[in-house]
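Step one of this worksheet: look at the structure below.
The values are calculated or read from the model by the stated rules, or taken from the named source; none is laboratory data. Predicted model, so just to flag it, every value in this text is computed and none were measured. Cβ placement follows ideal geometry from the backbone for every residue including glycine, while neighbour counts extend to all protein chains displayed. With ligands, DNA and RNA removed, areas are computed over all heavy atoms of the protein, side chains included. Shrake-Rupley method; radii C 1.70, N 1.55, O 1.52, S 1.80 Å.
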Amino acid sequence: DVTVLLTGETGTGKEVVARHIHLNSPRKNGPFVPVHCAALPHDLLEAELFGVDKGAFTGALEPRIGRFELAEGGTVFLDELGEIPLSVQVKLLRVLQERRVTRLGSNKQRPLDFRLICATNVHLEEAVSEGNFREDLYYRVNVFRLSIPSLRERTEDIELLASHFLEVISRQLGKEINGFEKNALCQLKKHDWPGNIRQLRNAIERAAIMESG
């Protein structure tokens, strides 16, 4: 049930790793609740994470359960952890310490049962030294750390991944594409893939769409 911190470049598959950790844990029958912190406006992130009680602010006509409550018995996955503003980091730290949450506009503490997995492509140590990430929260989430290698560090996986993506995508497109020419595979292995596995998948999808023979 230990907290896991996944680090690595964008597109390396951190959420895939997080899902596999969840599915191979005693919590596999519970929910897996991902939260993409960078995709949420800062003023909405707190409400999304911790929930809102009716009347907490204008427009809050009904109570809303936060992501931590939704993950009861399962796993919360916080992606782009380094993008969480300091004001929300304070409340997050308390939730992790006490395993209780207080919805916005409420005084009632609700007990929680969840496992936390975090991911970031930000160097949290630098963020701490620059005052952008709380040091106490850093130590709370940096319990078991896994570094996900970039695709250019694992070129032996490129052919396997490319073949898998081609099979899936060609099936979705209704095309029969049997594989790659030798020169195409060489080019795939030579490329440095700054966008990592996500970029590789997009390249294969674009090639499958254009392929006519």
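Residue-by-condition table, conditions (1) within 29 Å of residue 87 (Cβ to Cβ); (2) within 18 Å of the chain's Cα centre (by Cα):
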residue	(1), (2)
131	yes, no
134	yes, no
138	yes, yes
151	no, yes
167	no, no
message = Going through 200, 185 one at a time, which residue ends up being at pLDDT 95 or above and not aromatic (Phe, Trp, Tyr)?
response = 200
inquiry  = If I ask for residues that are over 19 Å from residue 18 (Cα atoms) and not in a loop (DSSP other than H, G, I, E, B), which ones from the range 113-138 would you list?
reply    = 125, 126, 127, 128, 129, 135, 136, 137
task = Test each condition in (1) over 30 Å from residue 209 (Cβ atoms); (2) open to solvent by 60 Å² or more (accessible area, probe 1.4 Å); (3) at pLDDT 95 or above for residue 164 and report the one that comes out false.
result = (1)
task = Return the residue satisfying two criteria in turn: it lies in the range 100-112 and is part of a strand (DSSP E or B) and either under 18 Å from residue 18 (Cβ atoms) or charged (D, E, K, R) (or both), and of such residues it is most open to solvent (accessible area, probe 1.4 Å).
result = 100
ask   = Of the residues 77, 32, which single one is among the hydrophobic types (A, V, I, L, M, F, W, C), closer than 19 Å to residue 124 by Cα and in contact with a His (Cβ under 8 Å, 6 or more places away or on another chain)?
value = 77
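Quick one: in the range 147-161, which of the residues that are in contact (Cβ under 8 Å) with a residue 24 or more places away in the chain and farther than 16 Å from residue 195 by Cα is surrounded by the most Cβ atoms within 10 Å (Cβ to Cβ)?
Of the range 147-161, the ones in contact (Cβ under 8 Å) with a residue 24 or more places away in the chain are 147-152, 155, 158-159, 161.
Those left that are additionally farther than 16 Å from residue 195 by Cα: 147, 159.
Working: 147: 10, 159: 14.
Only one residue tops the list, namely 159.
Kindly indicate which of 196, 178 is touching a residue at least 60 places away in the same chain (Cβ under 8 Å) and either surrounded by 12 or more Cβ atoms within 10 Å (Cβ to Cβ) or not basic (Lys, Arg) (or both). Before you say what the answer is, go through the steps one by one.
On the way: 178 fails: touching a residue at least 60 places away in the same chain (Cβ under 8 Å).
196 is the lone residue from the list that is touching a residue at least 60 places away in the same chain (Cβ under 8 Å) and either surrounded by 12 or more Cβ atoms within 10 Å (Cβ to Cβ) or not basic (Lys, Arg) (or both).
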request  = Give me a count of the residues in the range 113-142 that are open to solvent by 10 Å² or more (accessible area, probe 1.4 Å) and in contact with a strand residue (DSSP E or B) (Cβ under 6 Å, 6 or more places away or on another chain).
outcome  = 2
